[in-house]
Structure formats: C-alpha cells, structure tokens
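Here the structure comes first, spelled out in structure tokens, and everything after it is commentary.
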Amino acid sequence: MPLSAMAQASVDSIAKNLEHPWGLTFIGDGRLLVTERPGRMRVVQPDGKTGEPIEGLPKIDVGGQGGLLDVLADSGYARNRTIYFCYAEPARSGSGNSTALASARLSDDLKRLEQVKVLFSQKPKTSSDAHFGCRIVESGDGTLFLTLGERYSRRDDAQTLDNHHGKIVRINKDGSVPKDNPFVGRAGALPEIWSYGHRNGQGATLGPDGKLWMHEHGPQGGDEVNRPEAGKNYGWPVISYGEHYGGGKVGVGTAKAGMEQPLYYWTPSIAPSGMA
C-alpha cells in the first residue's frame, strides 16, 4: 500500500484488554466471537463490551504459537448456532500436540459451548510449539478447509502424504471425508489431504472466484500467496523464495517440475496473518 494511502487510513478500536486475540467471526446483530490464544473465547458486543470467557472448551495445549486459534461461524449459524474452532490439541498420553478442528453449538445465552465434537485431529502428534497453521474456511459446497503447519521440526513431512504436516485438508461438517478429495483411495495417502508442500498457512479465505486462497509464512523471506488446488504440491521445503534462518538456500532453489509457483511472494518476510 502506498504511504499516501496509509496516511489516509483510520483505525477504530472495537474492543480492548484482550490477550493475544487470534481469530474472530461475526455471529449476527453486530456481535463478534473472538478467540484469545491462551485458551479463551468471548463475545464482543457492538458497543465493544467484552463478555466473560465462554465455558465448555476442550483441553488446549497453550505455549509458543499454540493455543486456541481460529473460529468460524457456520453459514447457517442464524438457524443452527453452529461454530467451528481450531486449537492445539494435547496428546492423550505422553507429550506432543497437533492441530485439531472441532464444532459446537453456542448456547442461546452466549455463555457456553454445547455438543462439542472433534471433527479432525492432525496426525501425528509431535513435540513442538510452532507452525500450527489453523485457519478455517467454509467452501461454497459446504465442506471445510483447514490449513496445517509442518510443525517446524517436521518440515520434510510436507512432501509425503502419510501425515497431515504441511497440508491443507478438506472435510465434511460431520468430520467425514468428501468422496471427491484428490487422494481418496490412494495407497499410503491420508484421504483428508487437499494439497501439500505448505509451510505454515496463517491466512485463508474464499476469493471472489469462489476458490480457496491462502498465504503462508516462508522461512527468512519467501512468504507466499497461493490458490491451493486439489492434489497439487506447493513445494516446501524443496523450493522456496526464502532462505534458512541465518542464510543458506532452501532445497533446490525456487522452482522444480511438478511443484506450483506462488501467485505472489514477499522477500524479505512481512509475516502475514489474517486474510479477507
């Protein structure tokens, strides 16, 4: 954005005194449902009044980049009061965590979550406090997309299909797998996977074309905008326009046959966040 345009922008504070707000969604009548990464979800009223933490969240692993992350109201929220949220889910036993996506009904009094159901849990769990991804998008056909980071220490997993690291997944609202997902029926591939070779998708939305758009963090430089298509490989960590922290080429360079080029990239990094 040109500096002249930035100088003309105005900023209004809607709500204050939130601790690391991470995701938000509109739930009608000018109200917002907002997540705080330390593990709280609140309703913000049109006048900026912030409600008490909503009860009923599952156990969340809070630390580093992990915690309670994105939230999205269902397209039919006015009718069904359904929301979706994603978070760092701790392992049931031992150490480790992974990104999980859950659905719930927001109670009529806006004070608690009801009928909480985990729709998807990233596999495998790993001991890391970085690169959870965790942006949720509802597609025009009613399926849900979820961005998943490669957990930083497991970056090579982004190129293999037997795990959910460095992927975008697509599921139905009940947690089942759409029959037209690109890897359904392929031996050794997890059927939820939509696209792969991603690093850490921090923003995602439907574009005016009705397609999924997203951006992801590169390492040192190389943040990307992509339009993920079914079954395609977006290159990380084989190709990147960034470099390793402290310097050094990533993989084979910036291009390789069979791997998609970004629609746009930034060098150096701008560390993009939400996308609308």
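The values are calculated or read from the model by the stated rules, or taken from the named source; none is laboratory data. Remember, it's a predicted structure, so these values are computed and weren't measured experimentally. Methodologically, a virtual Cβ is constructed for each residue, glycine included, from the backbone with ideal geometry; neighbour enumeration extends over all protein chains shown. Accessible surface areas use protein heavy atoms only, side chains included; no ligands, DNA or RNA. Shrake-Rupley method; radii C 1.70, N 1.55, O 1.52, S 1.80 Å.
General observations
- Flag if A204 is over 25 Å from A73 (Cα atoms), of a type in the set (G, A, S) and buried (at least 18 other Cβ atoms within 10 Å of the Cβ): no
- The condition of being open to solvent by less than 60 Å² (accessible area, probe 1.4 Å) and under 30 Å from S127 (Cα atoms) holds for only one of L18, L106, that being L18.
- Within segment 115-132, the residues that satisfy the criterion of being crowded, with 19+ Cβ neighbours inside 10 Å and in a strand (DSSP E or B) are F120, T126.
- Residue, surrounded by the most Cβ atoms within 10 Å (Cβ to Cβ), within segment 21-42, restricted to residues that are at negative phi and not in a strand (DSSP E or B): R37
- Only listed residue being touching a Lys or Arg at 6+ places or on another chain (Cβ under 9 Å) and basic (K, R), chosen from R105, R151: R105
- Residues located in segment 215-228, provided they are in contact with an Asp or Glu (Cβ under 8 Å, 6 or more places away or on another chain), open to solvent by 30 Å² or more (accessible area, probe 1.4 Å) and in a loop (DSSP other than H, G, I, E, B): H217
- So G175, is it within 15 Å of T143 (Cβ to Cβ) and in contact with a strand residue (DSSP E or B) (Cβ under 7 Å, 6 or more places away or on another chain): yes
- Considering segment 135-184, and only residues there that are hydrophobic (A, V, I, L, M, F, W, C) and part of a loop (DSSP other than H, G, I, E, B), the residue that is nearest to G231 (Cα to Cα) turns out to be F183.
- Residue in segment 57-68 that is touching a strand residue (DSSP E or B) at 6+ places or on another chain (Cβ under 6 Å), closer than 20 Å to I168 by Cβ and modelled with pLDDT of 95 or more present: yes
- Residue pairs whose Cβ atoms lie under 6 Å apart, sitting 6 or more positions apart in sequence or on different chains, and linking a residue in segment 252-276 that is open to solvent by less than 80 Å² (accessible area, probe 1.4 Å) to a partner that is basic (K, R), are E260/K232.
- Boolean, D162 is closer than 24 Å to S240 by Cβ, surrounded by fewer than 23 Cβ atoms within 10 Å (Cβ to Cβ) and touching a strand residue (DSSP E or B) at 6+ places or on another chain (Cβ under 8 Å): no
- Scan of segment 93-103 for residues that are at pLDDT 95 or above and open to solvent by 10 Å² or more (accessible area, probe 1.4 Å), ordered by number: G96, N97, S103
- Qualifying residue in segment 187-199 (condition: within 20 Å of I136 (Cβ to Cβ), without any contact (Cβ under 8 Å) to a residue 60 or more places away in the chain, in contact with a Leu (Cβ under 9 Å, 6 or more places away or on another chain) and acidic (D, E)): no
- Residue in segment 189-197 that is surrounded by fewer than 16 Cβ atoms within 10 Å (Cβ to Cβ), within 24 Å of T82 (Cα to Cα), at pLDDT 95 or above and in contact with a strand residue (DSSP E or B) (Cβ under 8 Å, 6 or more places away or on another chain) present: no
- Residue list for segment 63-90, filter: under 11 Å from the mean Cα position of the chain (by Cα) and of a type in the set (V, I, T): V71
- Looking across segment 238-251 at every residue that is part of a loop (DSSP other than H, G, I, E, B) and either open to solvent by 60 Å² or more (accessible area, probe 1.4 Å) or in contact with a Phe, Trp or Tyr (Cβ under 6 Å, 6 or more places away or on another chain) (or both), the one that is nearest to W22 (Cα to Cα) is identified as Y245.
- Options R135, R79, R112: the member that is over 21 Å from P53 (Cβ atoms), open to solvent by 60 Å² or more (accessible area, probe 1.4 Å) and at pLDDT 95 or above: R79
- Residue check, G231 under 26 Å from Q122 (Cα atoms), open to solvent by 10 Å² or more (accessible area, probe 1.4 Å), touching a residue at least 40 places away in the same chain (Cβ under 8 Å) and assigned to a loop (DSSP other than H, G, I, E, B): yes
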